[in-house]
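Structure in structure tokens, see below.
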Amino acid sequence: MPGLSNAALRDFGRNTVEKTWFPGLPDLFEDLRNVVEEYRDVSVEFHIISGGLQPIIEGCPSVQKYVSGVYACQLAEGDDGMVAEVRRCVTFTEKTRFLFEINKGIAPADAQTKPHLVNEKVDEGARPVPLQNMTYVGDGLTDIPCFSLIEKNGGLAFAVFKRGEESAKQQFQQLLATHRVSSMHSPDFRPDGDLGAMLRLAVGNRAAQIQLGTQRALA
């Protein structure tokens, strides 16, 4: 790929992709932070797990401001600073690995240098981000393993499809019927939007449950 560098991809993210957010983004991130501020000892984190290119995603200013970790495809550069080969490819089950890294509190940088960290045993009660506290939003077939994992462990999984994408809608409806997603929505993240209202409600409810559980444990 002559002339292509990770720096150029980050510039593309900053100058082009940042302008293409769906309605309600990136305002949703700030809104969800405000939602959980009402609850003591509860915070919210945002992570992106994607089959896209990591430098493009990381180049977006909103990602730099709000997102704690990006897990996506990586390209390695040669001695000339240009992209030479694929370093990491993120596919179906690879995405679940990143969920467990988040679940166990493994920083992305540590996981890069010590990939086997995710296999180390961590007691459920010691994991900083329980799977049941996760809300997963996905728009593709590669998200299905994550949908299943989150739903099975008590979290929430929302499938997203654009209006007019009937094939995706039909496939997600099958996931809904088999209880592998909580619900399916159009990508409108505004407060009165289809998905935006649901996410604000879901995060608020989960924050309240966490605080209630903490109070009961201390009683």
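No value in this document is a laboratory result; all are computed from the given coordinates. Quantities reported herein were computed from a predicted structural model and do not represent experimental measurements. All Cβ positions, even for glycine, are placed from backbone atoms using ideal geometry, and neighbour counts span all protein chains on display.
Please list, in order along the stretch 116-121, the HN-Hα scalar couplings obtained from phi with the Karplus expression 6.51 cos²θ - 1.76 cosθ + 1.60 (θ = phi - 60°), rounded to whole Hz, x for Gly and Pro.
Listing the rounded values in order: 7, 4, 5, 7, 5, 6 Hz.
Compare the peptides 97-107, 10-20 by average per-residue count of other Cβ atoms within 10 angstrom and give them in order, highest first.
97-107, 10-20
So how far apart, in nm, are the two label points at K65 and F12 if each is 7 Å from Cα heading toward Cβ?
According to this spin-label approximation, the distance is 2.4 nm.
Residue-wise, which Karplus ³J(HN,Hα) couplings in Hz belong to the stretch 18-31, taking 6.51 cos²θ - 1.76 cosθ + 1.60, θ = phi - 60°, and x for glycine or proline?
4, 8, 10, 4, 5, x, x, 10, x, 4, 4, 4, 5, 4
Further question: If one computes the Cα centroid of the stretch 35-95 and of the stretch 9-25, what distance in Å separates the two points?
14 Å
Within straight cross-link reach of K121, meaning Cα distance under 30 Å, which lysines are found once same-chain residues fewer than 8 apart are removed?
K95, K104, K152
Quick one: dipole size for the chain, taken about the Cα centre, charges +1 on Lys/Arg Cβ and -1 on Asp/Glu Cβ, in debye to the nearest 20.
460 debye
Select from G155, G24, S50 the residue farthest towards the positive end of the dipole of the chain; place +1 on Cβ of Lys and Arg, -1 on Cβ of Asp and Glu, and compute about the Cα centre.
Ranked along the dipole, the leading option is G155.
Which option, [x] 26, 21, 17; [y] 29, 18, 16; [z] 29, 22, 18, is the value of semi-axes √(5λ) of the Cα gyration tensor in Å that was calculated from these coordinates?
Given [x] 26, 21, 17; [y] 29, 18, 16; [z] 29, 22, 18, the structure-derived one carries the label [z].
Order by neighbour count: T91, T113, fewest other Cβ atoms within 10 Å first, most last.
In order of increasing Cβ crowding within 10 Å: T113, T91.
Considering amide H positions built from the backbone, and no H for Pro or chain starts, which residues 5 or more places from R87, or on another chain, come under 5 Å of its amide H?
So R87 has HN proximity to Q74, L75, A76.
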